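Taking it in order: structure first as structure tokens, then the write-up.
Laboratory data are not the source of any read-out in this text; all were calculated from the coordinates shown. Predicted model, so just to flag it, every value in this text is computed and none were measured. No Cβ is skipped: glycine too gets one built from the backbone with ideal geometry, and neighbour counts run over all protein chains shown.
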Amino acid sequence: VTKWALAAHLFDISRFSSAKKVTAYTGLCPSSYDSGDRERKGRITREGPSLLRSLLVECAQHASRRNNPLNPFYRRFVVRHGHKKAIVAIAAKLTRIVYGLVKRGECFSSEALGVTWDKGRSCYVTESKKRRRQSPVTARV
């Protein structure tokens, strides 16, 4: 269902010059308040189609599962900002990922995100964490 909603709303992807513009179109980017030299980020703008936004948020809910390739990003964000903000951030990340995949005509790959499946922990981990867990002897070889 989400695939068809994305296809319907982002019909011609070439009309967007960057992934940030697609995220702004979906309304998942934070609003900005400027006053003099102070800049503050607010809530999401909620511009654009609400159906698409709600479907992307629903897809982002699965990032909290251990077997999802976006789980490392979710875990890192949820520690700092909480579950709800992490879900919205992952939905925005999904939008940028979809834009990049469609623009380049590629299929999704978890390796492109920099995450790999760790059999010992039964979850996805980022490449940097996997390298840190190796012993110094094996890391030098």
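Which entry in (i) 24, 17, 14; (ii) 28, 19, 14; (iii) 30, 20, 15 is this structure's computed semi-axes √(5λ) of the Cα gyration tensor in Å?
(iii)
Using each residue's phi in segment 85-97, evaluate 6.51 cos²θ - 1.76 cosθ + 1.60 at θ = phi - 60° and report the 3J(HN,Hα) Karplus result to the nearest Hz, with x for Gly and Pro.
Once θ is set to phi - 60°, the couplings for segment 85-97 become 5, 5, 5, 5, 5, 5, 4, 5, 5, 4, 4, 5, 5 Hz.
Could you list, in their original order, any pairs among Lys21/Lys119; Lys41/Lys84; Lys41/Lys119 whose Cα atoms are separated by more than 28 Å?
Among Lys21/Lys119; Lys41/Lys84; Lys41/Lys119, the Cα-Cα distance tops 28 Å for Lys21/Lys119; Lys41/Lys119.
Test of the criteria: in segment 18-116, which trypsin sites (Lys or Arg not before Pro) are in a DSSP loop and have at most 16 other Cβ atoms within 10 angstrom of their Cβ?
In loop regions of segment 18-116 (DSSP not H, G, I, E or B), the sparsely surrounded trypsin sites (Lys or Arg not before Pro) are Arg46, Arg65, Arg66.
For the pair Glu106 and Trp4, what calculated FRET efficiency results from E = 1/(1 + (r/R0)^6), where r is the Cβ-Cβ distance and R0 = 22 Å, to the nearest 0.05?
0.65
Size of the dipole of segment 52-107 about the Cα centre, Lys and Arg at +1 and Asp and Glu at -1 on the beta carbon, nothing else charged, in debye to 20?
With only Lys, Arg, Asp and Glu charged at Cβ, the dipole is about 220 debye.
Please give the length that would be gained between Asn67 and Ser35 if that part of the chain were fully extended, namely 0.36 nm times their separation in residues minus their C-alpha to C-alpha distance (nm, one decimal).
So the chain would gain 7.2 nm between Asn67 and Ser35.
Can you tell me the orientation of helix 71-81 relative to the chain, as the angle in degrees between its alpha-carbon axis and the longest Cα principal axis, to the nearest 10?
Long axis of 71-81 versus the principal axis of the chain: about 70 degrees.
Got a sec? Charge dipole of the chain, +1 on Cβ for Lys and Arg, -1 for Asp and Glu; which of Thr26, Ile97, Ser110 is way out at the positive end?
After comparing all options, I get Ser110.
Only sites in a loop by DSSP and with at most 11 other Cβ atoms within 10 Å count here; which chymotrypsin sites (Phe, Trp or Tyr not before Pro) in segment 10-91 make the cut?
Answer in residue order: Phe11.
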